[in-house]
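For reference, the structure discussed in these notes is given below.
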Amino acid sequence: MANMKATRESYGEALAKFGEEYDIVVLDADLSKSTKTETFKKKFPERFINVGIAEGNMMSVAAGIASTGKVVFASTFAMFAAGRAFEQVRNSIGYPNLNVKIGATHAGISVGEDGASHQCLEDIALMRSIPNMVVINPADHVEAMAAVKAAILHDGPVYLRFGRLAVPVIFDEETYKFELGKGVQISDGSDVSLIATGLMVPEAIKAAEILASEGISARVINIHTIKPIDVDIIVKAARETGAVVTAEEHNIIGGLGSAVAEVLCENYPVPMQRVGTRDVFGRSGKPAELLKMYNLTADDIANAAREVIKRK
Amino acid sequence: MDKVLKKELMIIANRIRKHALLAVYSANSGHPGGSLSISDILAVLYFKQMKNLDPKNPKNPDRDRLVLSKGHCAPALYGALAEKGFFPKEDISSFRQAHSYLQGHPDMKGVPGVDMSTGSLGQGISAACGMAIAGKLANKDYRVYAILGDGELEEGQVWEAAMFAAQYKLDNLTAFVDFNNLQIDGKLCDVCSPLPIDKKFEAFNWHVITIDGHDVEQIDNAIEEAKTIKGKPTLILANCVKGKNVSFMENQPQWHGSAPNKEQYEAAVAEIDAIIKELEVM
Ligand SMILES: Cc1ncc(C[n+]2csc(CCOP(=O)(O)OP(=O)(O)O)c2C)c(N)n1
Ligand SMILES: [Mg+2]
């Protein structure tokens, strides 16, 4: 079995690692043990600031620090980063185009037992709609580490989406190269394209294996940067395979599925199907159970692929 | 307070603690510390003070209401509601399971007796203000209670609500602050201190009463006093111990949001059983 690691762990490690080379400041809102910014705090206590349970304040404080020329990471759960503090992010960070990196952990339904109030399934939609904001949703540990570095090097606001649940490490640290705004083709195929993000990427890889056993050739594409989205890789996939399935741990409204649909509609419409939560709130439960209950598994992606192929 | 009643309330408070521990242990997830700290307050509210509660008609429009603004302490709220008969006690062990209606944070759609869905800190107190002003608009004399965490006071929304409640003279609103001095990342003063709490609420034109949050008599007296205060909301600043009555959980920040293993669970229950037994023979 593959190594397992939650991308929030990678986030904490990345901050501690790149904190050596870069003069970053890290803020948290009373969740440093959960967001793993604690890893950074232990190493660089003088560059760590706990703002308390005050996410709106945190975002505007981060904006102020960034206005002096520093790179700032502001961390809390996705629900409170993108949700609670949306307008502060929009007006204090997005509008002035400040160098704030929002490290949002505990995104999606895989939060598990805390339930609907803590399972953010809207953050991609919210953050994607803010001008200047870059939105990144890494699939595994290797990609998450690389994404943090890319966020530091990028001049402007970035929303980084991390998970609570341990997920398989699918990329090789030695060979993996992260390019902001570029999709990653994981495997080639000709009958359908499976375009996935975050923890749905390993599920899409499994789905392609299921489909292959039935004689269906599926291309798998990992979209780590949801905004700006890689138009070329999506259009090419549509042109060469004629059908697209998107897969994300997010509402089908406004997330990756919507972003891909926008690209296809304007450039090269083909039948497509979205795998994601279907405009419903989550609930408490064990992460694996919930992913199944809400149809976020390899089987669900394979089913969607069989359906969309019929519509070609 | 009548001695028999006092003893009864103390026993109920500790039964609520046991339900809360069972919930968190069964789910292997949840928040024991802050649940144990508000159990005495919940016992007095649900078993002495709150009026027109009817487990057969949980949405009775004339009922007193409780908003658990620190929604992560649902295990204690569910314990009180089960004791009161809103749902079977046996269901408590299904807390946080995918097949259960007992959601990790209070869910007013699915859990009988829950008056407001909470979990995102700072919002419950505003909803309580809404219920209180609605009571005034409709000429109803129900009362509204809210329980906040002391860390929760760091949310700016709490102070927006505090201003609102005073402006609209919500004397039918009584809010408790569970002053246990801990939040997730440690002591309040090491994170972003909201102290002094009493002076802040006084400055916001609230009537403030400070009590021992584990003394059912003091809790009851404070609520009685709140009922006599006209033209102002009341804040009951309850000095509490996070993890109260489980020796190894008391004042330990790591028990904010972690579940006990089997050994720890059994040890915790044994401590509370001993307290109940002592009360019973008193
Ligand atoms: C808006 C919001 N931010 C963060 C959290 C995560 N969180 C849950 S409990 C908690 C600490 C609460 O401390 P306190 O209010 O003192 O509660 P208590 O000590 O009574 O458990 C935090 C930060 C949340 N639920 N809501
Ligand atoms: Mg506290």
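The values are calculated or read from the model by the stated rules, or taken from the named source; none is laboratory data. Keep in mind it's a predicted model, so treat the numbers as computed, not measured. Glycine gets a Cβ as well: all are built from the backbone with ideal geometry, and neighbour counts include every protein chain shown. Note: accessible area is taken over every heavy atom of the protein model, side chains too, but ligands, DNA and RNA are not part of it. Shrake-Rupley method; radii C 1.70, N 1.55, O 1.52, S 1.80 Å.
The residues of chain A expose, per residue, 37 Å² of accessible area to a 1.4 Å probe. Sorted largest first by accessible area at a 1.4 angstrom probe radius, with every protein chain in place, the residues B:Glu155, A:Glu214, A:Glu20 fall in the order A:Glu20, A:Glu214, B:Glu155. Would you please classify the overall shape of chain B from the alpha carbon gyration tensor, given that a ≥ b ≥ c denote the square roots of the eigenvalues, rounded means a/c under 1.5, and beyond that prolate means a/b larger than b/c while oblate covers the rest? Here chain B falls in the rounded category. For trypsin sites (Lys or Arg not before Pro), the sites in the range A:204-287 that DSSP calls loop and that have at most 11 other Cβ atoms within 10 Å are A:Arg278.
Within a straight-line Cα-Cα reach of under 12 Å, B:Lys89 cannot be paired with any aspartates and glutamates, leaving aside sequence neighbours fewer than 8 residues apart in one chain.
Size of the dipole of the protein assembly as shown about the Cα centre, Lys and Arg at +1 and Asp and Glu at -1 on the beta carbon, nothing else charged, in debye to 20? Numbers along the way, then the final one.
Details: 64 positive and 75 negative charges, 206 e Å.
My answer is approximately 980 debye.
A straight line joining the Cα centroids of the range A:257-271 and the range A:134-204 runs 21 Å.
Roughly speaking, what is the stretch gain from B:Ile229 to B:Ala270, that is 0.36 nm per residue apart minus the C-alpha to C-alpha distance, in nm to one decimal?
Values: separation 41, 0.36 × 41 = 14.76 nm, distance 4.14 nm.
Extra length available between B:Ile229 and B:Ala270 comes to 10.6 nm.
Placing a label point 7 Å from the Cα of A:Asn97 along the Cα-to-Cβ direction, the residues of the range A:125-151 whose backbone N falls under 13 Å from that point are A:131-134.
Do the sum for chain B: with -39,500 (n - 2.57) for every DSSP H run of n ≥ 4, divided by all residues, what is the mean residue ellipticity at 222 nm, to the nearest 500 deg cm²/dmol?
Numbers: 10 runs with 118 residues, N = 282.
Value at 222 nm, helices only, nearest 500: -13000 deg cm²/dmol.
Say each of A:Asp172 and A:Lys42 gets a label point 7 Å from the Cα, pointing the same way as Cα to Cβ; how far apart are those two points in nm? It works out to 3.1 nm between the two label points. For chain B, the share of accessible area belonging to carbon and sulfur comes to 52 percent (1.4 Å probe, ligands and nucleic acids excluded). May I ask you to list the residues of the range B:252-282 whose amide nitrogen lies under 18 Å from a point 7 Å from Cα along the Cα→beta-carbon direction of B:Met1? Counting only backbone N, you get B:275-282.
At a probe of 1.4 Å, how much accessible area disappears from chains A and B on forming the pair, both sides counted, to the nearest 100 Å²?
Protein heavy atoms only, the A-B interface buries about 2000 Å².
Contact residues in the range B:89-129 by the 20 Å² criterion (accessible area, 1.4 Å probe, full protein complex versus chain alone): B:Arg96, B:Gln97, B:Ala98, B:Gln103, B:His105, B:Gly119, B:Ser120, B:Leu121.
Surface composition of chain A: carbon plus sulfur atoms contribute 51% of the solvent-accessible area (1.4 Å probe, protein chains only, all chains present).
Counting only C-alpha contacts under 8 Å and six or more residues apart, can you give the relative contact order of the range B:3-280 as a whole percent? This gives 24 percent for the range B:3-280. Comparing the full protein assembly with the isolated chain (1.4 Å probe, heavy atoms, ligands and nucleic acids excluded), the residues of the range A:39-60 losing at least 40 square angstrom of accessible area are A:Asn50, A:Ile53. Taken one residue at a time, the phi angles of the range B:211-223 give Karplus couplings (6.51, -1.76, 1.60, θ = phi - 60°) of 9, 7, x, 10, 9, 4, 5, 5, 4, 5, 4, 5, 5 Hz. Gly and Pro are set to x.
Residues whose amide H falls under 5 Å from that of A:Ile186, counting only those 5 or more places apart or on a different chain, are A:Val220, A:Ile221, A:Asn222, with hydrogens built in the peptide plane. In the structure shown, the pairs A:Lys236/A:Lys310; A:Lys17/A:Lys182; B:Lys7/B:Lys232; B:Lys6/B:Lys262; B:Lys140/B:Lys244; A:Lys292/B:Lys109 are assessed against 28 Å; a Cα-Cα span above that value is assigned to B:Lys7/B:Lys232; B:Lys6/B:Lys262; B:Lys140/B:Lys244. Note on chain B: GNM, Cα springs under 10 Å; of B:Asp190, B:Asp215, B:Asp40, the largest mean-square fluctuation is that of B:Asp190.
Return a whole-number percent for the relative contact order of chain A, with Cα pairs under 8 Å and 6 or more residues apart as the contact set. Display every interim value, and only then the final one.
Values: 745 pairs, mean separation 54.7, N = 312.
In percent, rounded to a whole number, it is 18.
Taking θ as phi - 60° and the Karplus parameters 6.51, -1.76 and 1.60, the scalar couplings of the range A:64-81 work out to x, 5, 5, 5, 8, x, 8, 8, 10, 9, 10, 10, 6, 5, 3, 4, 8, 6 Hz in sequence order, x denoting glycine and proline. Accessible surface computed residue by residue for the range B:140-227, with neighbouring protein chains in place and a 1.4 Å probe, gives 38 Å² per residue.
Classify the range A:184-310 as rounded, prolate or oblate from the Cα gyration tensor: take a ≥ b ≥ c as the square roots of its eigenvalues, call it rounded if a/c is under 1.5, otherwise prolate when a/b beats b/c and oblate if not.
Numbers: a/c = 1.78, a/b = 1.25, b/c = 1.42.
The shape class here is oblate.
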